[in-house]
1. Of the residues that sit in the stretch 121-159 and are among the basic types (Lys, Arg) and outside any helix (DSSP H, G or I), which one is farthest from the chain's Cα centre (by Cα)?
2. Can you go through 93, 44, 18 and tell me which one is modelled with pLDDT of 95 or more and of a type in the set (S, T, N, Q)?
3. Restricting the search to the stretch 118-137, which residues are open to solvent by 20 Å² or more (accessible area, probe 1.4 Å) and in contact with a helix residue (DSSP H, G or I) (Cβ under 6 Å, 6 or more places away or on another chain)?
4. Any idea which of (1) touching a residue at least 12 places away in the same chain (Cβ under 8 Å); (2) under 13 Å from residue 33 (Cα atoms); (3) of a type outside the set (Phe, Trp, Tyr) is the one residue 59 doesn't satisfy?
5. Output yes when any residue across the stretch 54-67 is under 28 Å from residue 109 (Cα atoms), at pLDDT 95 or above and β-branched (Val, Ile, Thr), and no when none is.
6. So residue 85 ticks every box in (1) among the aliphatic types (A, V, I, L, M); (2) open to solvent by 60 Å² or more (accessible area, probe 1.4 Å); (3) within 12 Å of the chain's Cα centre (by Cα) but one. Which box is left unticked?
Amino acid sequence: MRRRDTPPPRTGNNEIETLRGFLDYLRASIAAKVDGAPEPQVRTAAVPSGTNLLGLLNHLTFVERSMFLGDNVTNWQATFQAAPADSVTDVVTRYRETVERADDVLDQCTDPGAPLPRPRSRRPAPSVRWALTHMIEETGRHTGHADILRELIDGTTGR
């Protein structure tokens, strides 16, 4: 059993830096959980709900795009499955690229109480504080799922 563990970040001189530090920590954790996971186990459901490791990261890509880039997602359940042609590398790369684009938006945000700038969305924007807190919760929850699924696949543990 391999164990790679990284402690939570010691970051943040202000609220936004602290929230972004924890979100970045979780983003890196889940990407690392999926990166290098073997086929076909990475897309095989290990629980009755159908949850699979690759689908979790695919879903979080859509959540990041919806929250920070203003994309409209009409079928959230479908986001939990990666396309059959998508490799592990494809999904991890797409997630990391989406995170970079989301960070570009967040780099413009200095007031946690201000509405999140969402260029293409017609929906009302939440505050930067709410968006970051929600993304920490969403990413943390799915990272926990990924921890268990990856350990079941090949014994890899740790953050």
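1. Here the residue is 122.
2. Working: 44 fails: modelled with pLDDT of 95 or more; 18 fails: modelled with pLDDT of 95 or more.
Exactly one residue qualifies, and that residue is 93.
3. Hit for the stretch 118-137 is 136, nothing else.
4. It is condition (2) that residue 59 fails.
5. Yes; the residues of the stretch 54-67 include at least one that is under 28 Å from residue 109 (Cα atoms), at pLDDT 95 or above and β-branched (Val, Ile, Thr).
6. (3)
The values are calculated or read from the model by the stated rules, or taken from the named source; none is laboratory data. Everything numeric here is computed off the predicted structure, so don't read it as measured data. A quick note on method: Cβ atoms are made from the backbone with ideal geometry, for glycine too, and the neighbour counts reach across all protein chains shown. Only protein heavy atoms, including side chains, enter the accessible area calculation; ligands, DNA and RNA are left aside. Shrake-Rupley method; radii C 1.70, N 1.55, O 1.52, S 1.80 Å.
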